[in-house]
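Written below as structure tokens is the structure these notes are about.
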Amino acid sequence: MPRDYTSDDRVVRRSPSAGPGSPEVWGIYEPDTGSVQYVCADPVTRKAALIDVVWNFHPANARTSEDSLEQVLAIVAGEGLEVAWVLDTHPHADHLMASSILRRRTGAPNAIGEKVCEIAELWRGIYNLPGAFDPGRDFDRLFADGDRFAVGDLEVRVMLSPGHTLGSITLVCGDAAFVHDTLMHVDVGTARTDFPGGDAADLWNSIEEILALPEHTRLFVGHDYGTDSRERPAWEATVAEHREKNPHVKRGTVKADWIARREARDANLPLPDRMLAALQVNLRAGAMPRPEDDGEHYLKIPVNKF
């Protein structure tokens, strides 16, 4: 029987392999930001990729903790897995990424999409930090659209999926696709496009490419905030289920109507409360700025820019 790694409200669910070429997936819910982290493992070789793991950040006192990444590493240890990759689908706006910590702790290379370089250029201007952020230094690999790599005997294909950010990527591994902040759960809809570099038309096109995958493909989303009728977090549904039930993009949805609805919704959304702290850390692969002469780290927050 699979082990239960759930801790308090940090729910963990295992999605079993469907057979040869199909990964075993654990989804780990982070309740403070509604984020879902993933362990994607080859059931034969026991090699695994860690995807979008959270480094906890508490805005009220600007303190970090490693509770979430420790929960992920407990699954790795408990299941006898070997970490082959530390992956992020994009520079997250709502949480700090655990990429650099996990690279150090596991010895595995870390990676993200190559358009993070364009995102870094955009945010250098927003933070007025012209010399900051060097993704080529801080990530071991920058993936291009169509790149392929291996997790054990499983092949992973990279799909560029812009819209939420200009450089987001989807990771397709057998019958599993990690679709980050494109789709929300099947009973919710789709993700926001109002961050710098985001674009609703681009997101529509990205979602259409994702939903063109085989109908049995398991889609694993990046966030869940529940609904009025569902309190338990949920993050997995098939392409067929999204085509049938997703209220934003089910069959018959018109592109122009969706873009108008998405842009109207996004116009009234507040910024994530960790965003201005998170981007300057995540564009360093989840590392703080260099300590100052007192040995402490400091974040820079632009005022009245948003």
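Computed from the coordinates by the stated procedures, all read-outs in this text should not be read as laboratory data. Note that this is a predicted model, so its numbers are computed, not measured. Positions of Cβ are backbone-derived with ideal geometry, glycine not excepted, and every protein chain shown enters the neighbour counts.
Using +1 at the C-beta of Lys and Arg and -1 at the C-beta of Asp and Glu, which of A200, A98, N56 has the Cα lying farthest in the positive direction of the dipole of the chain? Going by the charge dipole, the pick is A200. Projecting the Cα positions of G107, A144, S65 onto the charge dipole of the chain (unit charges on Cβ atoms of Lys, Arg, Asp and Glu, taken about the Cα centre) puts A144 furthest along the positive direction. When the chain is treated as a Gaussian network with alpha carbon springs shorter than 10 Å, the biggest mean-square fluctuation among H95, H216, H164 belongs to H216.
Of the peptides 225-237, 131-143, 294-306, the order by per-residue mean of other Cβ atoms within 10 Å, starting with the highest, comes out as 131-143, 225-237, 294-306.
Under a 5 Å amide H cut-off, with hydrogens placed 1.01 Å from N, D199 pairs with G163, H164 among residues at least 5 apart or on other chains. Please work out which option in (i) 126; (ii) 146; (iii) 137 gives volume of the Cα convex hull per residue in Å³ calculated from these coordinates, and answer with its label. So the calculated entry is the one marked (iii). Within the listed set R265, R284, R218, the residue fluctuating most in the Gaussian network model of the chain (springs between alpha-carbon atoms under 10 angstrom) is R265. The lysines whose alpha-carbon is closer than 25 Å to the alpha-carbon of K300, local same-chain residues fewer than 8 away aside, are K115.
Remark: the chain carries a charge dipole of roughly 200 debye about the Cα centre, counting +1 on each Lys and Arg Cβ and -1 on each Asp and Glu Cβ.
Only beta bridges with both residues in the range 12-270 are counted; by DSSP, about 75 percent of them are antiparallel. Over the residues of the chain, the helix contribution to mean residue ellipticity at 222 nm works out to -7000 deg cm²/dmol, using -39500 (n - 2.57) for each DSSP H run of at least 4. Across the chain, the mean sequence separation of Cα contacts (distance under 8 Å, 6 or more residues apart), normalised by length, yields a relative contact order of 17 percent.
Descending by average beta-carbon neighbour count within 10 Å, the peptides 274-283, 248-257 line up as 274-283, 248-257, the highest first.
Give me the percent relative contact order of the range 86-203, please, defined on Cα pairs under 8 angstrom at least 6 residues apart.
After rounding, I find 21 percent.
Of all aspartates and glutamates in the structure, those lying under 18 Å Cα to Cα from K255, and not within fewer than 8 positions of it along the same chain, are D194, D199, D202, E208, E209, E244, E263, D266. Maximal additional length on extending the E292-T6 stretch stands at 99.1 nm, based on 0.36 nm per residue less the C-alpha distance.
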